[in-house]
Amino acid sequence: MGWLWAIIVGFVLGLLAKAIIPGKQHSPLWLTTIFGMIGAIVGNSIARGIGIDETRGIDWGRHGLQLAAAVVIVLFGDMLYTAVRGGKERKQRA
């Protein structure tokens, strides 16, 4: 059940990150989901490091850090994906 939740959270965080980032992102949905999952892991690690990983009620601080990490990872991951994908398309045209 843990993997299912990780995929669902990664999917939601990835989509939210894509919505926050201005412009069009070219990474496919499956890659965006993986970026969101990585963002959740990084956000949880940062929250644990500063001591807000478990609070009473809804963990808004932890969720905010997860989203912020997902935005950064989706942004740079999409840039890397576009650079790699663009390089392949140029080679095929030549």
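The values are calculated or read from the model by the stated rules, or taken from the named source; none is laboratory data. All of these numbers come straight from a predicted model, not from anything done at the bench. No Cβ is skipped: glycine too gets one built from the backbone with ideal geometry, and neighbour counts run over all protein chains shown. Please note that ligands, DNA and RNA were not included when accessible areas were found on the heavy atoms of the full protein model with its side chains. Shrake-Rupley method; radii C 1.70, N 1.55, O 1.52, S 1.80 Å.
Looking at Val84, is it aliphatic (A, V, I, L, M), in a helix (DSSP H, G or I) and open to solvent by less than 60 Å² (accessible area, probe 1.4 Å)?
Criteria not met by Val84.
Could you grab me the full set of residues in the range 1-18 that are under 10 Å from Leu75 (Cα atoms) and out of contact with any Gly (no Cβ under 7 Å at 6 or more places or on another chain)?
Lys18
Take Val72 and decide whether it is under 24 Å from Gly86 (Cα atoms) and open to solvent by 60 Å² or more (accessible area, probe 1.4 Å).
For Val72, the condition - under 24 Å from Gly86 (Cα atoms) and open to solvent by 60 Å² or more (accessible area, probe 1.4 Å) - is met.
Does Ile41 meet the test of being within 19 Å of Thr82 (Cα to Cα), open to solvent by 30 Å² or more (accessible area, probe 1.4 Å), modelled with pLDDT of 90 or more and not charged (D, E, K, R)?
no
Can you name every residue in the range 19-38 that is crowded, with 16+ Cβ neighbours inside 10 Å and closer than 11 Å to Gly77 by Cα?
Gln25, Ser27, Leu31, Thr32, Ile34, Phe35, Gly36, Ile38, listed by residue number.
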